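What follows is a set of notes on a single structure, which appears directly below.
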Amino acid sequence: MDMNFRLLINGQLIETKQTMAVLNPATEEVAAHCPRADEKVAEKAIQAALSAFPSWAATPLSKRAECINKFADMMANHKQELASLLTKEQGKPVAESLAEVDYSIAYARYFASLKMEPQTVHEDDACKVEEHHMPLGVVGAIIPWNFPLLVLNFKLPAALLAGNTIVIKPSPTTPLATLHLMSLCKDVFPAGVVNVITDQNDLGSYLTGHSDIAKISFTGSTETGKKVMANAAGTIKRLTLELGGNDPAIVLANADIDSTAEKIFATSFVNCGQVCIAIKRTYVHSSIHDQLCAKLVELANQSIIGDGAEQGTTIGPLQNKQQFEKVKVFLEKAKKDGHIIAGGNVLSGAGYFIEPTLVTDVRDGTDIVDQEQFGPILPIIKYEDVDDIVNMINQQPYGLGASIWSRDIAQAQELAQKVSAGTVWINQHFSIAPNIPFAGARQSGLGVEFSVAGLLEYTQIKIINQAK
C-alpha cells in the first residue's frame with residue numbers, strides 16, 4: 001500500500017508545503033504524515049469543483065451512476081487495505097473496519113441504483129405541471145472521525161448522482177483511508193468532480209461561508225452544527241446536518257432480559273461508544289432492573305480491550321486525545337453521581353483506553369444522563385412510570401434515535417408514537433439501511449439522509465408549468 005498520502009484536486013494528486021501527523025490511538029505513535037491544506041489550496045479545490053459542475057450536471061444520470069459503481073468496485077477491490085488504514089487511524093477492531101467498508105460499498109451501490117425522473121404533478125385542459133429536481137452546484141462534505149468511510153458514502157454518492165460536484169474535508173485525526181481511497185479513484189470521476197482537502201479544523205468556516213459552495217453536508221456535534229448553520233446563513237446555503245444524539249433505550253417490565261441485554265450492550269459499546277446513534281442511556285423498569293444489570297455486567301466483563309489490529313479485540317481505544325479527556329471527565333462524574341457496577345477504569349500505558357463502564361443509581365438532571373458521553377459509559381436508570389420517562393426524554397434537546405424493548409409489540413408501538421425522535425426502534429437499535437430515511441429531531445439534525453428523500457436533499461426542486 002502506498003503510504004505517500006496526497007490531496008485530490010482537479011483530478012491531480014498533490015502535496016502541500018505543510019504536513020500533519022496522524023496518530024494511532026491505540027499506541028499514540030504516528031501512523032503516517034499527510035498533507036495539510038490552507039485557504040489557497042481549499043480555494044483551488046472549490047474552483048475545480050465549480051468548473052467541473054456544468055459538464056457533470058449535463059452528464060446523463062446513467063453515466064454518473066456508472067462512475068459511482070466503479071467507485072464502489074474500487075472499495076471492494078481494496079477492502080483489506082482500507083480496513084487496515086481505518087483501524088490504524090480510528091482504532092476500531094478490524095472486524096468493525098471491514099464491516100464499515102462493506103456498508104460503504106452498499107450505500108454507494110444503493111444510490112447508484114436510484115432514478116430521478118420528472119413527475120407530472122398536475123394536468124388538465126388548461127396546463128401541465130411537471131416537477132423536476134436539479135443539481136445545486138458544489139457540495140461541501142465535512143466528515144467526522146468515528147466512521148470516516150461510511151459517512152463519506154452517506155454523502156458522496158447521493159451528491160454526485162444528483163449532478164453536483166464535491167469538496168470533501170475529512171477529520172484531521174482520520175484522513176488516511178479517505179485520502180488513500182481517493183488516490184485509487186483519481187480517474188474514476190472526471191477531473192474536478194471529486195476533490196479532497198485536509199486541515200487541522202481551521203478550514204471549516206472557510207468552506208461553510210464560501211459563496212461558491214451551494215450546500216454543506218455536515219456530520220458532527222450539535223454545537224459545531226450550530227456554527228455551521230450560522231456561517232452558512234450569509235449565502236442561504238442548503239444544509240444537511242446530522243448532529244449529536246443521546247439515544248435512550250426504554251426497557252419495559254416484560255422485556256426478554258437476556259436478548260435485550262445482549263443487544264443493548266452491543267449497540268452501546270460498538271466503536272467504543274463513539275456512535276451518534278449508540279444507546280447512551282438505558283431506562284429499566286424496577287422489576288427487572290437488577291436482573292438486566294447483572295447480565296450487562298457479565299457482558300462487560302467478557303469484553304477484550306486493546307489495539308483494534310490485534311486478533312480477539314472487541315473494544316478499541318477512544319479515537320483521539322481530546323475525546324479521551326472528555327470521557328475521563330464523564331467517568332469521574334459517573335463515580336460521583338452514581339454507582340459503578342462494571343469497568344470504571346482508565347487503562348495505564350499508551351493508548352486512549354477506557355473500560356466499558358456501567359453506572360447505576362443515576363437520574364435525569366446529572367451530566368452523565370443528560371449529556372452525550374460519546375464513549376464507553378452507559379448509565380442505567382431505574383424507573384416506575386414509563387410515561388414520566390417519555391416526558392423527560394421529550395423535554396431534552398436531542399432527538400436522534402430511541403428504542404423500546406418489550407415482548408408486547410402493540411404496547412411498544414403505542415409508546416414509540418409518544419417518543420420524539422427521528423427513529424424509534426423496537427427490540428433493536430442502530431439498525432440503519434440506505435433505503436430507510438434517517439433524520440434527527442430537535443437539535444439532533446436538519447434534513448434527511450439515505451433513501452430517495454436523502455438523494456433529493458442534494459437537489460433544487462423546479463416546477464415547469466406549461467399552458468396548453
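Just a few scattered comments:
- Each residue of segment 335-349 is assigned a 3J(HN,Hα), and the resulting list reads 5, 6, 9, x, 10, 7, 10, 7, x, x, 10, 8, 6, 6, x Hz, derived from the Karplus form 6.51 cos²θ - 1.76 cosθ + 1.60 (θ = phi - 60°), x at Gly and Pro.
- Cα centroid of segment 1-57 to Cα centroid of segment 103-119, whole Å: 27 Å
- Rounded to the nearest whole Hz, the Karplus-based 3J(HN,Hα) values (6.51 cos²θ - 1.76 cosθ + 1.60, θ = phi - 60°) of segment 284-301 follow the sequence 10, 4, 4, 5, 10, 4, 5, 5, 5, 4, 4, 5, 5, 4, 4, 5, 4, 5, with x at glycine and proline.
- FRET efficiency for Glu414 and Asp258, using Cβ-Cβ distance with R0 set to 22 Å, rounded to 0.05: 0.35
- In straight-distance terms, cross-link reach from Lys336 covers every one of the aspartates and glutamates whose alpha-carbon lies under 16 Å from its own, apart from those fewer than eight places away in the same chain; here that gives Asp361, Asp364, Asp367, Asp370.
- Farthest towards the positive end of the charge dipole of the chain, among the residues Ser403, Gly308, Val297, is the Cα of Gly308, using unit charges on the Cβ of Lys, Arg, Asp and Glu.
- Magnitude of the charge dipole for the chain, about its Cα centre and with charges confined to Cβ atoms of Lys, Arg (+1) and Asp, Glu (-1), is about 1140 debye.
- Shape category assigned to segment 1-119 from the gyration tensor of Cα positions, a/c cut at 1.5: oblate
- Each of Gln460 and Lys186 was given a label point 7 Å from its Cα along the Cα-to-Cβ line. The distance between the two points is 3.4 nm.
- Global dimensions of segment 377-468 from alpha-carbon coordinates: Rg and Dmax equal 17.6, 67 Å.
- Hull volume in cubic angstrom per residue (convex hull over the Cα atoms of segment 307-347): 73 Å³
- Three principal axis extents describe the C-alpha atoms of segment 124-222; from largest down they are 60, 33, 23 Å.
- Rounded to the nearest 500, the helix-only mean residue ellipticity at 222 nm of the chain stands at -12000 deg cm²/dmol, with each DSSP H run of n ≥ 4 adding -39,500 (n - 2.57).
- The alpha carbon convex hull volume per residue for segment 272-333 rounds to 116 Å³.
- For a straight C-alpha distance cut-off of 16 angstrom, the lysines reachable from Lys462 (same-chain residues fewer than eight places away being disregarded) are Lys128.
- Segment 190-271: C-alpha gyration tensor shape, a/c 1.5 cut-off, then a/b vs b/c: prolate
- Its Kirkwood hydrodynamic radius, worked out from the mean inverse distance over all distinct Cα pairs, puts segment 81-132 at 14.4 Å.
- The 3J(HN,Hα) values that the Karplus relation (6.51, -1.76, 1.60; θ = phi - 60°) gives for segment 248-259 are, in residue order, x, 10, 10, 9, 7, 4, 9, 5, 6, 5, 5, 5 Hz. Gly and Pro appear as x.
- Carbon/sulfur fraction of accessible area - segment 374-468, other protein chains in place, 1.4 Å, %: 50 percent
- Cα centroid of segment 327-358 to Cα centroid of segment 63-80, whole Å: 41 Å
- Taking each of Lys44/Lys169; Lys70/Lys115; Lys115/Lys227; Lys237/Lys326; Lys88/Lys226 in turn, the alpha-carbon distance tops 23 angstrom for Lys115/Lys227; Lys237/Lys326; Lys88/Lys226.
- Based on protein heavy atoms only, the chain ends up with 40 Å² per residue of surface accessible to a 1.4 Å probe.
- Computed from the C-beta positions of Asp125 and Lys335 and an R0 of 60 Å, the FRET efficiency is 0.20 to the nearest 0.05.
- Estimated at 0.36 nm per residue, the fully extended path between Ala21 and Asp388 surpasses their Cα-Cα distance by 127.2 nm.
- The simple spin-label model puts a point 7 Å past each Cα toward its Cβ; for Ala350 and Lys321 those points are separated by 1.4 nm.
- Segment 313-456: C-alpha gyration tensor shape, a/c 1.5 cut-off, then a/b vs b/c: oblate
- Structural size metrics of segment 161-207, computed from C-alpha coordinates, are Rg and Dmax of 11.5, 30 Å.
- Solution diffusion estimate, µm²/s, Stokes-Einstein, segment 28-95, Kirkwood Rh from C-alpha pairs, 20 °C, viscosity 1.002 mPa s: 139 µm²/s
- Calculated on the Cα set of segment 245-284, radius of gyration then Dmax: 10.1, 29 Å.
- Top positive-direction residue, dipole computed over the chain with Cβ charges, set Ile463, Asn246, Gly447: Ile463
- Rg over Rh for segment 19-65 works out to 1.28, both radii taken from alpha-carbon positions and Rh defined as the Kirkwood radius.
- Point-to-point label distance, Asp367-Glu29, nm (Cα→Cβ direction, 7 Å offset): 3.4 nm
The values are calculated or read from the model by the stated rules, or taken from the named source; none is laboratory data. All figures in this text were calculated on a predicted structure; none of them were measured in a lab. Virtual Cβ from ideal backbone geometry, glycine too; neighbours counted across all protein chains shown. We work out accessible area using only protein heavy atoms, side chains counted, and drop any ligands, DNA or RNA first. Shrake-Rupley method; radii C 1.70, N 1.55, O 1.52, S 1.80 Å.
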